[in-house]
Amino acid sequence: MRAIWGLPVLGMLAVLAASAGAQGQSADHVAAVKAAMDAAPVRASATNGCPAVEGEFLGWPAGKVRRCQYKRGDLEGVLYVLDVAPETMATWIESICAEKLPDLASCFSRTLTCANETSGMSFPVSGFAIEQRGGAGFRNFLFRNGMLIGGPHNAVSTQIPLEEQEKLAKAPEAGLAATFPIPTGSTRFWRTMPYNLAARVMGMDIPPQINTPERRLKWLETARAEMIDALGKPSNRLLDAWVTAHPLTITLGACPDESDP
C-alpha cells in the first residue's frame, strides 16, 4: 500500500486511463506495461545500458537476466533483473483479471499500478536495490529471486563497494539461505507470500514459514521456478496467487501488502 521506488507515473497513468475497462484491447495493455517498464528506476538510471548476461545465471535461463549498474541519489548499485517482455506481463494480468475479477473495469490498471508501487517494475534476480522507504533517503537492500534478503548491508545508506555487491549477488543460494534471514518471504513483481501460492496451488510443497535455512532455500528455489515457468505461459501463478488472496483490496483500489488479510 506504499510506494517504494518513488517512480513518476503520470505518463503511465495516462496510457492506463485509455485502456481501463477495455480488457480485450491487448495492444493498449502492452503499451501501458512497456511505458511503465521504460520508466523503471533501475533501467532509467542505469549507467551501463543493462546488458544481457551471457549464459545461465544462478539457475535462470540464458538471455533472461540483465545486469544493471545504476545510480540513485549518491549511491551506486549493481542489480541483476529479469527481462520480461511487456507482452508477457500484459497477458499475465489479462489472464487473472478475466478469471478472478471479470467485472472490475480497473483490474488491469490497478494490478499494473501495484506492480509499479511494489517493485518499481523490476524483478530483482540478485543484487542490491536502492530504494526510498518511509520518506527516508536512498538505502541499499539485498534481493534474491524477487525477495528481500536480510544481512549486514540491509537498509544501510552508505555506499557498498561494487566488488562486495557483485560477490553477494553471485553467492550461491544455499549460502545465502544458511546465513541470512528472509524477513517476509514476499516476492515481486507483486507481494506474493508463500502461503498465498500454497492456497492457490493445492498440494504444492511450499514451506509454511521461512524460518530455517532449508525452508528459505526451498522458497527461493520455488520462486525462481515459478517465474521461469511463467515466462513461457499466458499466466503467472505468483500473480494469480496474489490476486486470488486480495480481491477485495484490489477492488477497493488499494495495493495489498504483507499485512493485508
Examine the stretch 140-158 for a residue that is closer than 17 Å to Thr184 by Cα, charged (D, E, K, R) and touching a residue at least 40 places away in the same chain (Cβ under 8 Å), and state whether such a residue exists.
yes
Go through the stretch 142-166 and give me each residue that's under 15 Å from Leu75 (Cα atoms) and buried (at least 23 other Cβ atoms within 10 Å of the Cβ).
Leu142
What tally of residues in the stretch 159-192 results from selecting those that are in contact (Cβ under 8 Å) with a residue 60 or more places away in the chain and either in a strand (DSSP E or B) or of a type in the set (Phe, Trp, Tyr) (or both)?
2
For Tyr195, the lone unmet condition from (1) outside any loop (DSSP other than H, G, I, E, B); (2) in contact (Cβ under 8 Å) with a residue 60 or more places away in the chain; (3) aromatic (Phe, Trp, Tyr) is (2)
Restricting to the stretch 106-155, and then to whatever is farther than 22 Å from Trp60 by Cα and among the basic types (Lys, Arg), can you tell me which residue is modelled with the highest pLDDT?
Arg110
Which of (1) crowded, with 22+ Cβ neighbours inside 10 Å; (2) more than 28 Å from Gly73 (Cβ to Cβ) does Ala174 not meet, given it meets every other one?
(1)
Does the stretch 223-261 hold any residues that are part of a helix (DSSP H, G or I) and touching a Pro at 6+ places or on another chain (Cβ under 8 Å), and which are they?
Ile228, Trp242, Ala245, Thr249, Ile250
Can you name the residue in the stretch 1-36 that is buried (at least 19 other Cβ atoms within 10 Å of the Cβ) and modelled with pLDDT of 95 or more and is also nearest to Gly135 (Cα to Cα) among such residues?
Ala36
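The values are calculated or read from the model by the stated rules, or taken from the named source; none is laboratory data. Since this is a predicted model, take the numbers as computed values, not measurements. Every residue, glycine as well, gets a Cβ built from its backbone with ideal geometry; the counts of neighbours run over all protein chains shown.
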